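The values are calculated or read from the model by the stated rules, or taken from the named source; none is laboratory data. Since the model is a prediction, treat every value here as computed from it, not as a measurement. FYI the Cβ positions are ideal-geometry reconstructions off the backbone, even for glycines, and counts take in every protein chain you see. To get the accessible areas, we keep the full protein, side chains included, count just its heavy atoms, and leave off ligands, DNA and RNA. Shrake-Rupley method; radii C 1.70, N 1.55, O 1.52, S 1.80 Å.
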Amino acid sequence: MPGGRLITRTNTDTPDRRATKVDQHSPAPAIDEVDDVCDWAYDIALAIADHLGHKHGPFRYRVDGVPVKWALTQHITYLTNHVDTVLGVDWHETTYDDAHRYARRLQRRTGTDDLIHRIRERCPSCDQRTLTREDGAGKVLCNNRDCQRIWTEDEYARLAVVVAS
């Protein structure tokens, strides 16, 4: 602006000018999802290869030397073949959490996730509200990591009656 002034809202508000809406949506959200998973699998495989001292690991490279991160099957196979190492590193819980999160996210995005009923009552063992039952399943699961109890539907019905009384 003249005189070194900063532009203000009143300087730009005119009847013929309106703010534009900028959408930053990806043109291919499915590709973005796949990209995230491939990057994650590549990073974990690279970390495990470094941990094991494998110079080449499961990696393929383009002619210009850039690693091919889209070789998802190859990276997951490498991790599966070295699962004892994956579970033995200090950050194995983070790896498990990420794998579970990606699996659930991809199931939801592709419409292949199962209907899971969330039970409002608390778990009789750990007193947390983490009980679920898959649609059509005859068992109730506690999803609390410290508990992870499993009841048949009949056992849980009996427990619910005891808790309610």
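For the reader, a short list of remarks on this structure follows.
- The residue list T95, T132, T85 contains one member that is at negative phi, hydroxyl-bearing (S, T, Y) and not assigned by the TED database to the domain that holds G57, which is T132.
- Residue match in the range 86-99 (condition: touching a Leu at 6+ places or on another chain (Cβ under 6 Å) and assigned to a helix (DSSP H, G or I)): yes
- Extreme residue, least open to solvent (accessible area, probe 1.4 Å), among residues of the range 65-85 that are more than 19 Å from D36 (Cβ to Cβ), modelled with pLDDT of 90 or more and not polar (S, T, N, Q): H82
Each row is one residue, and each column tells you yes or no for (1) open to solvent by less than 90 Å² (accessible area, probe 1.4 Å); (2) within 30 Å of E33 (Cβ to Cβ); (3) part of a loop (DSSP other than H, G, I, E, B).
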{"position": "D114", "(1), (2), (3)": "no, yes, yes"}
{"position": "C123", "(1), (2), (3)": "yes, no, yes"}
{"position": "A137", "(1), (2), (3)": "yes, yes, yes"}
{"position": "N144", "(1), (2), (3)": "yes, yes, yes"}
{"position": "Q148", "(1), (2), (3)": "no, yes, yes"}
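- Filtered by the rule that a residue be closer than 15 Å to V34 by Cβ, open to solvent by 40 Å² or more (accessible area, probe 1.4 Å) and touching a helix residue (DSSP H, G or I) at 6+ places or on another chain (Cβ under 8 Å), the range 86-109 gives R105, L106, R109.
- Any hit, the range 152-165, residues being in contact with a strand residue (DSSP E or B) (Cβ under 8 Å, 6 or more places away or on another chain), open to solvent by 90 Å² or more (accessible area, probe 1.4 Å) and over 25 Å from A41 (Cβ atoms): no
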